[in-house]
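Q: Starting off with a structure, shown below.
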Amino acid sequence: MTVSERTADGNALGTDSRGRVAELLAIKSQASEGPSARATEAQHAKGKLTARERIDLLLDEGSFNEVEQLRRHRASGFGLEHRRPHTDGVVTGWGTVEGRTVFVYAHDFRIFGGALGEAHATKIHKIMDMALAAGAPVVSLNDGAGARIQEGVLALAGYGGIFQRNTKASGVIPQISVMLGPCAGGAAYSPALTDFVFMVRDTSQMFITGPDVVRAVTGEKITQDGLGGADVHAEKSGVAHFAYDDERACLADVRYLLSLLPANHLEHPPSRATTDPADRRSEALLDLVPANGRLPYDMRSVIAELVDDGEYLEVHELWATNVLCALARVGGGTVGIVANQPLAYAGVLDARASEKAAAFVQMCDSFNIPLLTLVDVPGFLPGVDQEHGGIIRHGAKLLYAYCNATVPRIQLILRKAYGGAYIVMDSRSIGSDLSYAWPTNEIAVMGAEGAANVIFRKQIADAEDPEGVRARVVKEYKAELMHPYYAAERGLVDDVIDPAGTRGVLVRALAMLRTKHAEPPSRKHGNPPM
């Protein structure tokens, strides 16, 4: 007779306290070990860790406190009444990451394939409610087969409860979804409602309708990974913020991300002492960015020179690569960095890049993370596809996010800053607290060649030497309106600075802005572009 059977039958191992404690420990041991060694081996054979192994990697050693380990479902029919394992296929509780409280729930694929039923959902609801009440992050370790079909509408209602709590917690506590197995159907909407989505290649997939349904409806043949694997969502859809080759590397970066975030919207991100001097000069910056605006360079190299110890965590690294979004520390404090990337499409803003940056700016503003915007942008990407794809709407998302942000905001113009894209990239005119520029900056409505062709079109066309006239008027336009001090003379740039001394300028500015307080307008909520 198994421990669970004894418990169900009401037969205790002993009648005194020691006997009852021995019985309790036996029951908890069985619940912790899972359904069987064979099920664990099958999980490992797929290249996946168990729910408890994942929790151990995520949290500080020995810090996990489990909630409702002994919970069992009460469903009947289809044989469920004969299968009532403890935990009901999800491990829930709290622990610490670098000493700070974090709540977690982890699907146990060994039990009902991690499928969600009524009891399973109730456990998740409880831990999410606890996280919100405590004002601490919640991390979901997802490895489930969707709704438990045998429980019918109760399973669907369970998902509804999760979605409602995801929305209620949005912008209040950090929510992180870690995809470590399948996530299909309505279950995929919970990760989409959270702040960050991590995925592991080959083992995790997300889709609303699986390959079989796609093939039946459209005739298209595709694999699960091809439809909703980590690389698909990291590179094409933008659903995944991060993609990894293995679970250990993935969970290590979840820990790193948590170390950069505050516990909730009422706190500031944690500061950390750094040995990287605040006034460190970087002569390398004088060579990293070519003065010639036609020459590309890697903005990541610039970021590495400015942040503490060259360390940063890039968000959506593989999606919309013409703009970079990253979390880092500058002078010990967390900052969110938005930067044009000249290596990809010359750093232009397009629909996807605007959407990516807007979501990042909004997240940073939600959690009191100061924003540093590095500008080298030739404009918005022209083209029929962009216009028909809603670049106006998507560009407005980024504009709205910046204008709505109340955190400290610093703009740094490295080189080109043309047209509407200059305005959108957190210019002084939309509320940036401070704007700095390097001597290589060119702030203008458009490039000199394009401007000259518009302003002096007739003069060039009528000239005996059109090219000579064009060259002369381009030079005149640059001298008059595109010299590096034009914007500073008119108060649109606070200072033109030595690139090598940029880090010191930023550290001092961020320290000054740390106590910034800006009251948002009194309203229920804004109505951002969709």
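The values are calculated or read from the model by the stated rules, or taken from the named source; none is laboratory data. As the structure is a computational prediction, the values presented were derived from the model and not from experiment. Cβ placement follows ideal geometry from the backbone for every residue including glycine, while neighbour counts extend to all protein chains displayed. The accessibility values were calculated without ligands, DNA or RNA, using every heavy atom of the protein model including side chains. Shrake-Rupley method; radii C 1.70, N 1.55, O 1.52, S 1.80 Å.
Q: Looking at segment 424-459, which of the residues that are open to solvent by less than 70 Å² (accessible area, probe 1.4 Å) and at pLDDT below 75 is farthest from Ser354 (Cα to Cα)?
A: Phe456
Q: Tally the residues that are surrounded by fewer than 18 Cβ atoms within 10 Å (Cβ to Cβ) and at pLDDT 95 or above, restricting the search to segment 68-99.
A: Residues meeting the conditions: 3.
Q: Here's another thing I want to ask about it. Taking segment 279-289 on its own, how many of its residues are open to solvent by less than 30 Å² (accessible area, probe 1.4 Å), assigned to a loop (DSSP other than H, G, I, E, B) and either free of Cβ contacts under 8 Å to residues at least 60 places away in the same chain or of a type outside the set (Val, Ile, Thr) (or both)?
A: Summing the residues that are open to solvent by less than 30 Å² (accessible area, probe 1.4 Å), assigned to a loop (DSSP other than H, G, I, E, B) and either free of Cβ contacts under 8 Å to residues at least 60 places away in the same chain or of a type outside the set (Val, Ile, Thr) (or both) in segment 279-289 gives 1.
Q: When the residues of segment 332-354 are filtered to those that are surrounded by fewer than 24 Cβ atoms within 10 Å (Cβ to Cβ) and free of Cβ contacts under 8 Å to residues at least 40 places away in the same chain, which remaining residue is nearest to Asp253 (Cα to Cα)?
A: The selected residue is Ala344.
Q: Something else about it: Does at least one position in segment 237-253 carry a residue that is of a type outside the set (Val, Ile, Thr), touching a Pro at 6+ places or on another chain (Cβ under 6 Å) and open to solvent by 40 Å² or more (accessible area, probe 1.4 Å)?
A: No.
Q: Quickly run through segment 311-331 and pick out the residues that are open to solvent by 30 Å² or more (accessible area, probe 1.4 Å) and closer than 22 Å to Leu506 by Cα.
A: Glu311, Tyr312, Gly331
Q: Which one is modelled with the lowest pLDDT among residues in segment 31-58 that are surrounded by 13 or more Cβ atoms within 10 Å (Cβ to Cβ), out of contact with any His (no Cβ under 6 Å at 6 or more places or on another chain) and aliphatic (A, V, I, L, M)?
A: In this case the residue turns out to be Ala39.
Q: Among the listed residues Ser190, Ser140, Ser204, which satisfies the condition of being in contact with an Asp or Glu (Cβ under 9 Å, 6 or more places away or on another chain) and among the hydroxyl-bearing types (Ser, Thr, Tyr)?
A: Ser204
Q: Considering (1) under 23 Å from Val424 (Cβ atoms); (2) modelled with pLDDT under 75, say which one Tyr486 fails and leave the rest.
A: (2)
Each row is one residue, and each column tells you yes or no for (1) over 19 Å from the mean Cα position of the chain (by Cα); (2) at positive phi.
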| residue | (1), (2) |
| --- | --- |
| Asn292 | yes, no |
| Val302 | yes, no |
| Asp309 | yes, yes |
| Leu324 | no, no |
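Q: Output the residues belonging to segment 35-57 that are aliphatic (A, V, I, L, M) and part of a loop (DSSP other than H, G, I, E, B).
A: The one that is aliphatic (A, V, I, L, M) and part of a loop (DSSP other than H, G, I, E, B): Leu49.
Q: Where the second residue is in a loop (DSSP other than H, G, I, E, B) and of a type in the set (S, T, N, Q) and the first is touching a residue at least 12 places away in the same chain (Cβ under 8 Å) and closer than 20 Å to Arg281 by Cβ and lies in segment 304-331, which pairs have Cβ atoms under 6 Å and are six or more apart or on separate chains?
A: Glu305/Ser282; Asp308/Thr274
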